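**Student:** Next up is a structure, given as structure tokens.
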Amino acid sequence: MGYIQRIRRGTLADKMNLEALQMRASLMWEEDREQLLANPDAVAIPVEQFEGGSVLVAEAGGIIVGFTALADRADGEAELDGLFVEPDLWRRGIASELMVETEALAITRGKRQIHVIANSRAQGFYEHCGFVIVGRTEVTWRPAELMCKQLAG
């Protein structure tokens, strides 16, 4: 691993810290700030994702530096429900390392695809990871791309 020293399954004890990390990362973008502050529940991570072992936490020096959360879709495939990294650690490969482990988790669960709703700022990252645009949708307060990646396995 590069910057990350360990990736582990998230636990309910991590929930508040991960939601706070997600809020810090999300508030970096001025266009989202007002909506996020008015709707802090937008960063809530469902308890079921922890209980199902679907949250992966990246640590460096014993400190949480990022996480991902997977969800099951109605079609039986996987949805990347969240990928967040501490803002002062962006562009150090943390998200890429988390994505590799998240894909491996999805494969072990028999998934052939991972879907994600990507805002315009994240689209390039997901394309770099092998996702392609398959549609467009309206999310909480703006349009976003629907993206999908075929998994090997």
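**Student:** Under unit Cβ charges (Lys, Arg +1; Asp, Glu -1), what dipole magnitude, rounded to 20 debye, does segment 6-150 have relative to its Cα centre?
**Tutor:** So the dipole magnitude of segment 6-150 works out to roughly 380 debye.
**Student:** Shape of segment 1-79 from its Cα gyration tensor (a ≥ b ≥ c, root eigenvalues): rounded if a/c is under 1.5, otherwise prolate when a/b > b/c, or oblate? Intermediate results must be reported in sequence, preceding the final value.
**Tutor:** On the way: a/c = 1.81, a/b = 1.13, b/c = 1.60.
Oblate.
**Student:** On average, how much area does the Cα convex hull of the chain cover when viewed from any direction, in nm²? All intermediate terms of the calculation are to be shown ahead of the outcome.
**Tutor:** Working: hull surface 34.9 nm².
Taking a quarter of the hull surface, the average projection is 8.7 nm².
**Student:** Looking only at ASP72, ASP81, ASP32, which one moves most when the chain is put into a Gaussian network model with springs between Cα atoms under 10 Å?
**Tutor:** ASP32
**Student:** Continuing with this model, one more query. Skipping prolines and chain starts, which residues have an amide H placed within reach, meaning under 5 Å, of the one on ASP81, given they are 5 or more residues away or on another chain?
**Tutor:** Hits under the 5 Å cutoff: ALA69, LEU70, ALA71.
**Student:** Something else: Full extension from MET23 to VAL132: what is 0.36 nm times the residue separation minus their Cα-Cα distance, to one decimal in nm? Before the final figure, lay out the partial values.
**Tutor:** Values: separation 109, 0.36 × 109 = 39.24 nm, distance 2.65 nm.
Using 0.36 nm per residue and subtracting the Cα-Cα distance, I get 36.6 nm.
**Student:** Could you check the simple spin-label distance between ASP75 and ASP88, using points 7 Å along Cα→Cβ, in nm with one decimal?
**Tutor:** Rounded to a tenth, the inter-label distance reads 4.1 nm.
**Student:** Could you compute the net charge surrounding TYR126? Neighbours are other residues with a C-beta less than 11 Å from the C-beta of TYR126; K and R count +1, D and E count -1. The partial results should precede the final answer.
**Tutor:** Numbers: positive: ARG121, LYS149; negative: GLU127, GLU145.
Computed value for this residue: 0.
**Student:** Given the options LEU36, LEU70, LEU80, state which has the largest fluctuation in a GNM of the chain using a 10 Å cut-off (strictly under) for Cα springs.
**Tutor:** The residue that fluctuates most here is LEU36.
**Student:** While we're looking at this one, here's another question. Would you work out which of ILE45, GLY82, ILE63 lies farthest towards the positive end of the dipole of segment 6-150, given +1 charges on the beta-carbon of Lys and Arg and -1 on that of Asp and Glu, about the Cα centre?
**Tutor:** My answer, from the dipole projection, is ILE63.
**Student:** Now a separate question. For a quick check of your reading of the filter: which trypsin sites (Lys or Arg not before Pro) in segment 1-84 sit in a DSSP loop and have no more than 14 other Cβ atoms within 10 Å? Intermediate values should be presented prior to the final figure.
**Tutor:** Values: sites: ARG6, ARG8, ARG9, LYS15, ARG24, ARG33, ARG73; in loops: ARG73.
Passing sites in segment 1-84 are ARG73.
**Student:** Another question, then. Where both partners of a DSSP beta bridge lie in the chain, what percent of those bridges are antiparallel, to the nearest 5? Walk me through the numbers before you get to the answer.
**Tutor:** Working: 30 of 32 bridges.
Among the beta bridges of the chain, antiparallel pairing accounts for roughly 95 percent.
**Student:** Given a Förster distance of 25 Å, report the FRET efficiency between GLU31 and ARG8 from their Cβ-Cβ distance, rounded to the nearest 0.05. It would help to have the intermediate numbers written out before the result.
**Tutor:** Numbers: r = 33 Å, r/R0 = 1.32.
Plugging the Cβ-Cβ distance into 1/(1 + (r/R0)^6) gives 0.15.
**Student:** Pull up all non-local amide H partners of GLY66: gap of 5 or more, or a different chain, and H-to-H distance under 5 Å with H placed in the peptide plane.
**Tutor:** ALA58, GLU86
None of the figures in this text is laboratory data; all of them are computed from the coordinates on show. The shown structure was predicted, so the numbers you read here are calculated from the model rather than taken from an experiment. Here the Cβ is made from the backbone with ideal geometry for all residues, glycine too, and neighbour counts use every protein chain on show.
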